[in-house]
Amino acid sequence: MMSESWKMWYEDSLSEVDDLFWASKLHFSISSLGFYNYPYLFGYLFSLGIYAQQPVYGSQFNQRYTDLLRDTGTMTAEDVVQHHLQKDLSQPQFWQDSLAIVEKSVAQFEQLVDDITNRK
């Protein structure tokens, strides 16, 4: 799969592809080190949790989001979300809102797989 992806992406610009490249890069996944992938997972779910607030704030969301981004370098994640979106990151609801978006995406993917499988 890796070779085919590289060939599709890079076409003729590579003289050769490394079929085992993925195996040499441990940072793709280290399941035994729960903390290693934490920043990626936190960032992903954090961004979805922010996005999940869009329906709550409607037309005000873009400005709140811009203001939140401006403050990310001077405030903790907890403080910036509390200040701009009035959400408490220590409460499960923020993260449940994030996971609801993930669940919706998984359901859409599963439906696409079903659709493709049933066409064959």
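Averaging the inverse of every distinct alpha carbon separation and then flipping it gives the Kirkwood radius. What is it for the chain, in angstrom units? All intermediate terms of the calculation are to be shown ahead of the outcome.
Details: mean 1/r = 0.0557 Å⁻¹.
Averaging 1/r across every pair of different Cα atoms and inverting gives 17.9 Å.
Applying 0.36 nm per residue to the separation of Trp22 and Phe42 and subtracting their alpha-carbon distance, the gain on full extension is 4.9 nm.
When the chain is fully extended, how far beyond the present Cα-Cα distance does Gln82 get from Ser3, taking 0.36 nm per residue of separation? Numbers along the way, then the final one.
On the way: separation 79, 0.36 × 79 = 28.44 nm, distance 4.54 nm.
Difference between extended and current length: 23.9 nm.
Please tell me the relative contact order of the chain in percent, rounded to the nearest whole number, where contacts are Cα pairs under 8 Å and at least six residues apart.
Values: 54 pairs, mean separation 23.5, N = 120.
Relative contact order here is 20 percent.
Rounded to the nearest 10 degrees, the inclination of helix 92-119 to the longest alpha-carbon principal axis of the chain is 30 degrees.
Just to verify a number: FRET efficiency for Leu14 and Gln96, C-beta to C-beta distance, R0 = 41 Å, to 0.05?
Working: r = 44 Å, r/R0 = 1.06.
It comes to 0.40.
Using the basic label-point model (7 angstrom from Cα toward the beta carbon), what is the Gln60 to Ala107 distance in nanometres? For the pair Gln60/Ala107, the computed spacing is 2.9 nm.
Values quoted throughout were computed directly from the atomic coordinates according to the rules given, and no laboratory measurement underlies them. For clarity, every value in this text was computed on a predicted model and none was experimentally measured. Every residue, glycine among them, receives a Cβ derived from its backbone with ideal geometry; neighbour counts consider all protein chains shown.
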